[in-house]
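What follows is one structure encoded as structure tokens, with my remarks underneath.
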Amino acid sequence: MKIYEFQAYEIFIKRGIPSPWGEVAKTSEEVKKIAEKLGRPVVVKAQVLVGGRGKAGGIKLASTPEEAYQAAERILNSKLKGILVKRVFVKESVSIKEEYYLGVTVDRAQKRVVVMVSPAGGIDIEEVARTNPEKIFKFYVHPLLGFKSHQANELASALTKDKNLVQGIAKILSALYRIFDEMDSSLVEVNPLVITKEGSLFALDAKIIFDDNALYRHPEISSLRDLEVEDPLEVRAKEVGISYVRLEGNIGCIVNGAGLAMATMDLVKHYGAEPANFLDVGGGASSQQVGKALDIVLSDEQVRAVLVNIFGGITRCDIVAEGLIQALSKREMNLPLIIRLTGTNEEEGRKKLRGIKGIFLADTMNEAAKKAMEVVKS
Ligand code: GDP
Ligand code: MN
């Protein structure tokens, strides 16, 4: 889960990471007031959940409140990389002498958390990794020992010889690591960390991504989620414990088990059709769960046919059939429903479904996927 810069900034401030003062605003008038209150040049920054805002025109410097108003007029409610900008962050502008990169993430190959610094800050770090990998300095953290201050010092020394700055940067690195560790993040990044002409350190940008699988441990973080930018169907699915990802195609898939869901999507594609979604009803696949899954899949207007692929292990096929029948009785269903049920109580399950209008029973996954393709192509 990504959060906005202004939200990450608040976490940075709480953890003592030096950042220029700022406030978030939704209108140009508010932006002007913030700039007036500050009485100094500001930077007006689009709040969207993508990087590279600077290059895309989402960040503007303004030396007067009037200029800040004009900048906000241009940024607010415009589209940045295809995303509508609803908010801007108005920050005190600082003069930049050097731009560094600091980041903490997981290195999957090393199976460790890695703390990284680079003197080539301000630009996309992937770009630096491609063109100047020698400009990225890394420290792999031992999972039991953690990240010690002398290690932070050593890493910071790769950026500058100035003792005071090394100490300051080391402190910031330690704070970033603590955020990463305590808040179950997958990425904590400052790009750029700047040294001003006066010699002070400031985090000019703030980026945190949280691990979705650990959010249950952090209710205070979940509340930062911007529901407006998320797919409403995905939000609804999450609420009822269904893994659902909307895709581009028109065959809605209801499957139990993530592996089987992937295999089902592969087969649909194999037959030249496109799945409308990934959907895993989850462990028990109770009749209610299947009903909810059907509701979610049918709410996607692109869907032209629904493919149900259930393997009954702990899940009983007759119960799944019940769930489908109940869900169908509650709504007008005009789309073909292709069902492949196999495993525990499959005969009882099929018996319940046989003869219902609009339902096609398939014996194998192959047959089901092929049938789904035929009905959407016909
Ligand atoms: P990003 O492009 O989405 O990563 O947004 P950043 O917050 O990193 O800003 C992009 C660039 O804008 C930075 O690398 C800086 O060069 C510039 N910038 C941001 N804030 C300031 C500021 O306060 N003063 C000046 N002079 N430049 C800034
Ligand atoms: Mn940045």
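Here, each number is a calculation from the coordinates, and none is a lab measurement. Predicted model, so just to flag it, every value in this text is computed and none were measured. Glycine also receives a Cβ, built like all others from the backbone with ideal geometry; neighbour counts cover every protein chain displayed.
The table below lists the values:
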| item | result |
| --- | --- |
| Other-chain or far-sequence residues with amide H under 5 Å of Gly121's (modelled H) | Glu99, Tyr100, Tyr101 |
| Local net charge near Lys79, Cβ-Cβ under 13 Å (Lys/Arg +1, Asp/Glu -1) | +4 |
| Stokes-Einstein diffusion coefficient of region 28-73, Kirkwood radius over Cα pairs, 25 °C, 0.890 mPa s, in µm²/s | 231 |
| Square roots of five times the Cα gyration tensor eigenvalues for region 231-377, Å | 19, 17, 15 |
| Computed FRET value (nearest 0.05) for Gln167 with Val240, which takes r as the C-beta separation and R₀ as 45 Å | 0.35 |
| 3J(HN,Hα) from dihedral phi, region 171-184, Karplus parametrisation 6.51/-1.76/1.60, rounded to Hz, x for glycine, proline | 4, 5, 4, 5, 5, 5, 5, 4, 4, 4, 6, 6, 9, 6 |
| Fully extended contour minus Cα-Cα distance, from Lys97 to Ala263, at 0.36 nm per residue | 54.5 nm |
| Region 42-138 shape via C-alpha gyration tensor axes, a/c threshold 1.5 | prolate |
| Where GluC sites (Glu not before Pro) fall in DSSP loop in region 214-305, at most 15 other Cβ within 10 Å | Glu228, Glu230, Glu248, Glu301 |
| In order through region 343-349: 3J(HN,Hα) via Karplus (6.51 cos²θ - 1.76 cosθ + 1.60), integer Hz, x for Gly, Pro | x, 3, 6, 5, 5, 4, x |
| Signed unit charges on C-beta, dipole axis of region 87-196, positive-most listed residue Val106, His150, Ala170 | His150 |
| Shape category assigned to region 252-320 from the gyration tensor of Cα positions, a/c cut at 1.5 | oblate |
| 0 to 90° range, to nearest 10: angle between helix 287-299 axis and the chain longest Cα axis | 70 |
| Relative contact order %, region 124-190, counting alpha carbon pairs below 8 Å whose residues are six or more apart | 21 |
| Hypothetical label at Leu335: residues of region 233-273 whose amide nitrogen lies under 13 Å (7 Å Cα-Cβ projection) | 246-255 |
| Of all DSSP beta bridges in the chain, antiparallel share, percent nearest 5 | 75 |
| Among Ala25, Thr344, Leu279 - extreme Cα towards positive end, dipole of the chain, charges at beta-carbon | Ala25 |
| Peptides ranked, highest mean first, by Cβ atoms within 10 Å: ranges 137-144, 249-256, 349-356 | 249-256, 349-356, 137-144 |
| Unit charges at the beta carbon, dipole of region 174-277: most positive-side option, Met265, Val245, Val188 | Met265 |
| Quotient of Cα Rg and 2.2 N^0.38 Å for region 1-85, N being how many residues it contains | 1.07 |
| Computed magnitude of the charge dipole of region 21-92 (debye, nearest 20; Cβ of K, R +1, Cβ of D, E -1) | 380 |
| Region 260-276 - phi-based ³J(HN,Hα) in whole Hz, Karplus 6.51/-1.76/1.60, Gly and Pro as x | 5, 5, 5, 4, 5, 5, 4, 5, 4, 5, 4, 8, x, 10, 10, x, 7 |
| Semi-axis lengths (Å, descending) of the ellipsoid that matches the C-alpha gyration tensor of region 96-222 | 24, 16, 15 |
| Cβ-placed point charges (K, R +1; D, E -1), dipole of the chain about Cα centre in debye, nearest 20 | 220 |
| Calculated [θ] (222 nm, deg cm²/dmol) that DSSP helices of n ≥ 4 give over the chain, each run adding -39,500 (n - 2.57) | -11000 deg cm²/dmol |
| Theoretical FRET efficiency, 1/(1+(r/R0)^6), r = Cβ-Cβ of Leu145 and Ser299, R0 41 Å, to 0.05 | 0.25 |
| Shape call, the chain: gyration tensor on alpha carbons, a/c limit 1.5 | prolate |
| Least to most buried among Asp300, Asp107 (fewest other Cβ within 10 Å first) | Asp107, Asp300 |
| Residues Thr344, Thr64, Thr264 arranged by fewest to most Cβ contacts within 10 Å | Thr64, Thr344, Thr264 |
| Segment Asp363-Ser378, length gained on full extension (0.36 nm per residue, minus Cα span) | 3.3 nm |
| Other-chain or far-sequence residues with amide H under 5 Å of Ala305's (modelled H) | Gly252 |
| Stretch gain in nm, segment Glu220-Arg40, where the contour uses 0.36 nm per residue and the Cα spacing is subtracted | 61.5 nm |
| Rough spin-label spacing in nm, given labels placed 7 Å along Cα→Cβ, for Lys79 and Lys197 | 3.9 |
